[in-house]
Amino acid sequence: MLDILYQIISFIFPFDVMQQRFMQQALLALLILSPMTSVLGVHVINSKMAFFSDTISHSVFAGVALGLILSLNPEFTMAIFCVLVGLLIIYLTEKTRLSSDTAIGVVFSVAVAFGLAIISRDRSAARNAQQFIYGDILSISDLDIYLLMVLFVIFFVTWAIVFNKMVNLSADKEIAKAHGIKTEIYNYFLGFMLSLVVVFCVRATGVLLVTAMLIIPAAAARNISKSAGATIWWAIVIGIFSSITGLIISAQNWAQTASGATVVLVAFIIFVINTIYAKIKG
Amino acid sequence: MAVGVELQNITVVSEGNTLIENVSAFVPAGSLTFILGPNGGGKTTLLKCILNIIKYSGKVIFHGAKDNKIKIGYVPQKINVDRDMPLTVLEYLVSGFQKLPIFLGILPKFKKEALDVLKLTGAEGLIDKRLGRFSGGEMQRVLVALALMQKPDVLILDEPSGGIDISGETLFCGLISSIKKQLNITVIMVTHDIEVVRAHADNVILLKKTLRGSGTISDTLTDAKLKELFGIHDKEKKNCHFIGGEEHA
């Protein structure tokens, strides 16, 4: 099935660089990943959770280190650990008197300290963890793409079901609660999905740029949208456009840049243009 | 049929502090009942007990409701919406009800319902405007419309006139009174303005940590009760419209 998709990609993008399999794999992965990060980014901004996604991405080190200690697949332990960290933050915010800033700050520090403590003892762990700092979408495998496809289907089916309620509670949580919306469930859903998507995103853009991948398309979409519906469509369009453009630019001889970083930079240029446009339009 | 609300021995303790103690009162079905009291007197806490969004001891009984379950419309003092969030009034009103994701469109049935409640609050012109760009008065009308979208048995308003001036508040209370009559619902409202209470209330609950009185205006808004509640006589309030709020002269 993937071969057909790769052929379609090489037909639509008849550039030399896009005739290579690893580039086709990278583009397909980004085309699956970027709609998820873009729409999640809209909720992240609405719920002021940018620091939350940073915490998840930085928890990757501890997740990988745990895998090495327990002799388990580091990518498996990384995913489980990151999701647990995400759910722990939501739990602390919902069930204790800690503000979300404080809860995120505490968990962030512990997760990073734990990861660094283990990595500092083991050089092989350090090498394993290093690949997640910068990410490498070009090394993505067919298996990763199948996993991303499964995540894509689960994500969009469940997200479409909860989207309206999440919009409602992001306007005002107290009113939503008083009108019978189970706000806790939606917060856990957002935390869970965000953690899963961030784990995959780390592979593409690296720990340092995950938040940018989430936030920038959504922020650019906000600039030019008047409604919640339009924001979602614009975020998806900007996310996909910057992924395609960024990947192709990064592979040019004159560029030779990291693909994840180039995708983020293209999204940023769109954000700047949007901001100027919104300012002029008033 | 309108729903009556009976409060039985309601007590709320938070972190060792008693916020309200042993409050028992009755809100008649179809009435416009005001809760009056000084700042920190427990008015909002009592509303949250009726909304069932905080822990309390005692009972809230809804007379005329099946299995003691009712629909509540809630209007807070102010909304904490992010002013830059792109969200139209129509989307906000519909988002709590429509199953189809609103980015795929809004169904005519829900658009009509939203328009109907906005017409009731005189805010139909705001339907396609962005939330967060409104004046205090406009926002309150939108929030009342949102509360009415719930098709409530009881409408609860927590100092809804906080962001508007005195004449605006009088008009707003007139609007609420008219909606209550049209829809035959029970309304519970917190306010600081005693003149508004006199003009519109069917029933009053006086609260200062404990219940200081409840019933009709003539029974409850006596000089003695008001002195007990606020420490000043009603006569002294001729030029002091607001009681207990920051505007307290």
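Each value in this text was obtained by applying a stated rule to the coordinates, not by laboratory testing. Treat the numbers as computed from the prediction; the structure is a model and nothing was measured. Note: ideal-geometry Cβ built from the backbone for every residue, glycine included; neighbour counts use all protein chains shown.
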Full extension between B:ALA199 and B:LYS227 adds, at 0.36 nm per residue less the Cα distance, a length in nm of 8.1 nm
Starting from a Cα-only point model with no solvent, please compute log10 I(q)/I(0) by Debye for segment B:78-151 at q = 0.19, 0.20, 0.27 1/Å.
-0.71, -0.79, -1.38
Specify the angular offset, from 0 to 90 degrees and rounded to the nearest 10, of the alpha carbon long axis of helix B:108-120 from the longest principal axis of the alpha carbons in chain B.
40
Listed residue pairs exceeding 27 Å between alpha carbons, taken from A:LYS165/B:LYS129; B:LYS43/B:LYS112; A:LYS173/A:LYS281
B:LYS43/B:LYS112; A:LYS173/A:LYS281
Most fluctuating of B:ILE70, B:ILE35, B:ILE188 in the GNM of chain B (C-alpha, under 10 Å) is B:ILE70
Compute the acute angle (0 to 90°) between the alpha-carbon long axis of helix B:136-149 and the principal axis of greatest extent of the alpha-carbon atoms of chain B; round to the nearest 10°.
80
Per 20 angstrom bin, beginning at 0 and ending with the bin that holds the maximum distance, the Cα pairs of the protein assembly as shown fall in percents of 20, 44, 27, 9, 0
Express in whole angstrom the spacing between the alpha-carbon centres of segment A:186-202 and segment A:67-104.
11
Taking neighbour Cβ counts within 10 Å as the exposure measure, how do B:VAL13, B:VAL190 sort from fewest upward?
B:VAL13, B:VAL190
Have a look at A:LEU66, A:LEU143, A:LEU88 and tell me which one the Gaussian network model of chain A (Cα, springs below 10 Å) gives the largest fluctuation.
A:LEU143
Residue span A:TYR91 to A:VAL150: 0.36 nm per residue of separation minus Cα-Cα distance leaves a gain in nm of 18.6 nm
Based on alpha-carbon centroids, what's the gap between segment A:206-246 and segment B:144-158 in Å, whole number please?
35
Cα→Cβ-extended label distance, 7 Å offset, between A:THR257 and A:SER120, nm:
3.4
Could you work out how much longer the chain between A:ASP142 and A:PHE241 gets when fully extended? Use 0.36 nm per residue separation minus the Cα distance between them, nm to one decimal.
33.4 nm
When DSSP beta bridges are limited to those with both residues in chain B, what percentage is antiparallel, rounded to the nearest 5?
55
Relative to a virtual label point 7 Å from the Cα of A:PHE15 in the Cα→beta-carbon direction, which members of segment A:187-209 show backbone nitrogen distances below 20 Å?
A:204-206
Under the rule of -39500 (n - 2.57) per DSSP H run of 4 or more residues, summed and divided by the residues of chain A, what mean residue ellipticity at 222 nm is obtained, to the nearest 500 deg cm²/dmol?
-28000 deg cm²/dmol
Apply the Karplus curve 6.51 cos²θ - 1.76 cosθ + 1.60, θ = phi - 60°, to the phi angles in segment A:116-123 and return the couplings in whole Hz, x for Gly and Pro.
5, 4, 6, 4, 5, 8, 9, 5
Given springs between every Cα pair under 10 Å in a Gaussian network model of chain A, which of A:ILE45, A:ILE244, A:ILE69 has the largest fluctuation?
A:ILE69
For a label point 7 Å along the Cα-to-beta-carbon line of B:THR18, residues of segment B:47-65 with backbone N under 13 Å:
B:57
Does anyone have the angle between helix B:166-183 and the longest principal axis of chain B? Alpha-carbon axes, 0 to 90°, nearest 10?
70
If you wrap a convex hull around the alpha carbons of segment A:36-208, what volume per residue comes out, as a whole number of Å³?
109
